[in-house]
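Taking it in order: structure first as structure tokens, then the write-up.
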Amino acid sequence: MYVKLTLIIHFRPMPFIENSVSNKRNGWIEVIAGSMFSGKTEELIRRLKRAKYARLRVEIFKPQIDTRYSEEKVVSHDANSIISTPVTSSGNILLLAQDVDVVGIDEAQFFDMGLPRVCTQLADMGVRVIVAGLDMDFRGKPFGPMPNLMAIAEYVTKVHAICVRCGELAHFSHRTADTDKLVVLGETDIYEPLCRHCYNEALSKSKT
Ligand code: ZN
């Protein structure tokens, strides 16, 4: 009699454990990276809210370019929002983040290449810096300052969306609208999260 054993391996991302929520002496950099619809902003908001519960002084910034929902709020797709300050350049974050314990930065991919230096300066000053952003653009290329931020961060969390075509984990933001512009703001009308297989299939179909 044969007994067939099937080993099913579930890929579960490790939950992010905050090494010290209220350690005010040491600064560090955390990056939350992923595709569109992966829950990056939700994760950023979750961490920032916990810092607020710990009575830490929190400031949140986002690039001026992202005006999809509201000028003043970091808004995630589930409408779980938190007040933020829109800034035109990374240098403004240094000027505005005075006397804070935690700095949150959303949509980091749209910032200039000075952002990693700004984050380093803040962390050196003892600030906990939490950065969320798209790791890749719609072509699958590293996006803006994100690769540099991921390199210099103490902690990097990759979050995944679900492939709308097959249900696997997705890490590509495939653009369904026909344009070559790098920055086209939109939601499910313009982008769909795809896994590697479905992304390559979509690309090969669009070429033919
Ligand atoms: Zn797929």
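Structure notes:
- Condition met for Gly167 (part of a loop (DSSP other than H, G, I, E, B), at positive phi and touching a residue at least 40 places away in the same chain (Cβ under 8 Å)): no
- Among (1) farther than 29 Å from Gln98 by Cβ; (2) within 15 Å of the chain's Cα centre (by Cα); (3) more than 16 Å from the ligand (Cβ to nearest atom); (4) not small (Gly, Ala, Ser), the one test that Pro145 misses: (1)
- Test: residue in segment 120-130 that is of a type in the set (D, E, K, R), open to solvent by 20 Å² or more (accessible area, probe 1.4 Å) and modelled with pLDDT under 95: no
- Of all residues making up segment 26-59, the number that are closer than 26 Å to Leu194 by Cα and either surrounded by fewer than 21 Cβ atoms within 10 Å (Cβ to Cβ) or charged (D, E, K, R) (or both): 7
- Hits in segment 86-103 (condition: part of a loop (DSSP other than H, G, I, E, B) and open to solvent by less than 50 Å² (accessible area, probe 1.4 Å)): Ser89, Ala97, Val100, Asp101
- Scope segment 190-202; condition within 13 Å of the ligand (Cβ to nearest atom) and either farther than 16 Å from Asp178 by Cβ or free of Cβ contacts under 8 Å to residues at least 24 places away in the same chain (or both); matching residues: Pro193, Leu194, Cys195, Arg196, His197, Cys198, Tyr199, Asn200, Glu201
- Residue satisfying condition, being part of a strand (DSSP E or B), under 27 Å from Leu48 (Cα atoms), more than 16 Å from the ligand (Cβ to nearest atom) and hydroxyl-bearing (Ser, Thr, Tyr), within set Thr157, Thr120: Thr157
- Residue within segment 123-134 that is free of Cβ contacts under 8 Å to residues at least 60 places away in the same chain and hydrophobic (A, V, I, L, M, F, W, C) present: no
- Residue match in segment 180-188 (condition: under 13 Å from Met36 (Cβ atoms), within 13 Å of the ligand (Cβ to nearest atom) and of a type in the set (Asp, Glu)): no
The values are calculated or read from the model by the stated rules, or taken from the named source; none is laboratory data. Values in this document were obtained by computation on a predicted structure and should not be read as measured data. We place every Cβ from the backbone using ideal geometry, glycine too, and count neighbours over all the protein chains shown. With ligands, DNA and RNA removed, areas are computed over all heavy atoms of the protein, side chains included. Shrake-Rupley method; radii C 1.70, N 1.55, O 1.52, S 1.80 Å.
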